1. The stretch 30-62: which trypsin sites (Lys or Arg not before Pro) are DSSP loop and have at most 16 other beta-carbon atoms within 10 angstrom?
2. In what order do ASP163, ASP248, ASP361, ASP38 fall by count of nearby beta-carbon atoms within 10 Å, going from fewest to most?
3. In nm, what is the difference between 0.36 nm times the number of residues separating GLU63 and MET35 and their Cα-Cα distance?
4. Assuming R0 = 25 Å, can you tell me the calculated FRET efficiency for the pair LYS452 and LEU120, based on Cβ-Cβ distance, to the nearest 0.05?
5. What does the net charge come to around ARG401 if you take all other residues with beta carbon closer than 11 Å to its beta carbon, with K and R at +1 and D and E at -1?
6. Can you give the FRET efficiency to the nearest 0.05 for ALA91 and ASN150, using r as the Cβ-Cβ distance and R₀ = 51 Å?
7. At most 14 other Cβ atoms within 10 Å and a DSSP loop assignment: could you name the chymotrypsin sites (Phe, Trp or Tyr not before Pro) in the stretch 27-129 that fit?
8. Equivalent ellipsoid semi-axes for the stretch 59-130, as square roots of 5 times the alpha carbon gyration tensor eigenvalues: give them largest first, rounded to whole Å.
Amino acid sequence: MLRRLLPQLRNLTQSTCFVTAPTSATLRPLSTTVMSSDKFSLPQRYKGTETNIWVEFIQLALENKPLNLGQGFPDYGCPKHVTQGVADVMADPNLLLNQYTRGYGHPRLVNVLAKLYGGLLGRTIDPFSEVLVSQGAYGSLYNAILGHVNPGDEVIIIEPFFDCYEPMVRIAGGRPVFVPLRRRPGAATGSSADWALDPAELEAAFGPRTKMIVLNTPNNPLGKVFTRAELEAIAELCHRHDVLCVSDEVYEWMVFAPAEHVRIAGLPGMWERTITVGSAGKTFSVTGWKLGWAYGPASLVRNMQVVHQNTLYACNTPLQEALARSFEHELSLMGQPECYFTSLAEELLAKRDFMARFLTDCGMTPIVPEGGYFMIADWTSLDKKKIDLSPYAPGKPDDHRFVYWLVHHHKLQGIPPSSFYSDEHKSLGENYIRFCFIKDDKNLEKAEGILKQLKESMSD
Ligand code: PMP
Ligand code: GLN
């Protein structure tokens, strides 16, 4: 039956089709027009942003089912009260918790965010004009960048950088100006603290067209935590050149002593020119929630509100309610060892040190992070003669190709750090691979086992 119908169906789709005019009962034949490829092509502002490392490497993981230490997400539990909070909201007799909430952020959530960050910065934050909730930190970064960058504006991006900053600046018509963190020559410790900005290079990046600098501390993928002195130097340049600072602090609670998280918004005179971005996914180990926020002075948050109201308008109500309850719970424990903001870093410290050990044992050279949950390791200290990259991702930087090689030969996945650099500086990331260590200890042990085998295969 189907076989008999197929030629007719093919005819319908290929040559002539019939549409019913809404006002007429008659069927009118229409010739199928050839769609003009130019008219319906990707808008110019998105050209050059077509590829995306997350899309590519999540697909690689789906196809090959490696042990995945690539994309950053925990593969074990988050605090019990966080998921229980969602169940409680669903059982709440207030059915309005399932309906639209305030577009700029659910009142209970913006209130607790204002209280938390107001306390940390020692200032009063207005929950309704100085906090904006969006769809993940991505949404907040989008609001901050699209809400301030005009065509022709320059935006300084410190490298390595979370990859979405560059396309967002370009989509806004801005021009990214990249300034890399460089490893101090002769650095002996193998710590992310050895990476710093060259003060002269940073200063030279500021000019009359500079609108904004984007900062990420703790940094993804390097794990560097900017010191107060480094932030003061950036702040001084922002003042001198009248520049905004977007500070992406999604890993603010994952900082390993003696490093300390310093909020640039808290430095003298910086509140007025800083937008700080946070993420529920990172704060509570629930990356699938995709809720984020930004806080800053009302004048800047207003510009972000305009972008937000014209794109997403409002975010998921029940999750915002549950997130607010989770924050309230942690606020009541603040400063105590059982507060998740304290215990998370402790839990991660042991995982970090374990990973650093097994990467070293297998012959790589890790850069031990001061914060976050990623570690980059120099893989070129392995015997490169034993690593044939030629079948994989031709034309891409070597670290990109090495990720494919490792997946195909050893079923272990990382992320190539060159993806966190501009085209002009990709070589700075090429010797490294990024691994995520917010993983179940059993999986970290599996990674250790895989890398032991890799080492053995190198000596065959
Ligand atoms: N900034 C950085 C530095 C990140 O690593 C991520 C990934 N979580 C984001 C922003 C985006 O966060 P979210 O998942 O909340 O959108
Ligand atoms: N921030 C996470 C990472 O760096 C996830 C990024 C993403 O999924 N887009 O791995």
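1. Taking the stretch 30-62 and a limit of 16 other Cβ atoms within 10 Å, the loop trypsin sites (Lys or Arg not before Pro) found are LYS39, LYS47.
2. Fewest-to-most ranking of ASP163, ASP248, ASP361, ASP38: ASP38, ASP361, ASP163, ASP248.
3. Between GLU63 and MET35, full extension yields an extra 6.8 nm.
4. 0.05
5. Here the charged neighbours net out to -3.
6. 0.60
7. PHE40, TYR76, TYR100
8. Details: eigenvalues 213, 85, 37 Å².
Largest first, the stretch 59-130 gives 33, 21, 14 Å.
Each reported figure results from applying straightforward, stated rules to the coordinates on display, with no laboratory input. Note that the structure is a prediction, hence the values are computed from the model and not measured. Reconstructed Cβ throughout: ideal geometry from the backbone, glycine too, with neighbour counts over all protein chains shown.
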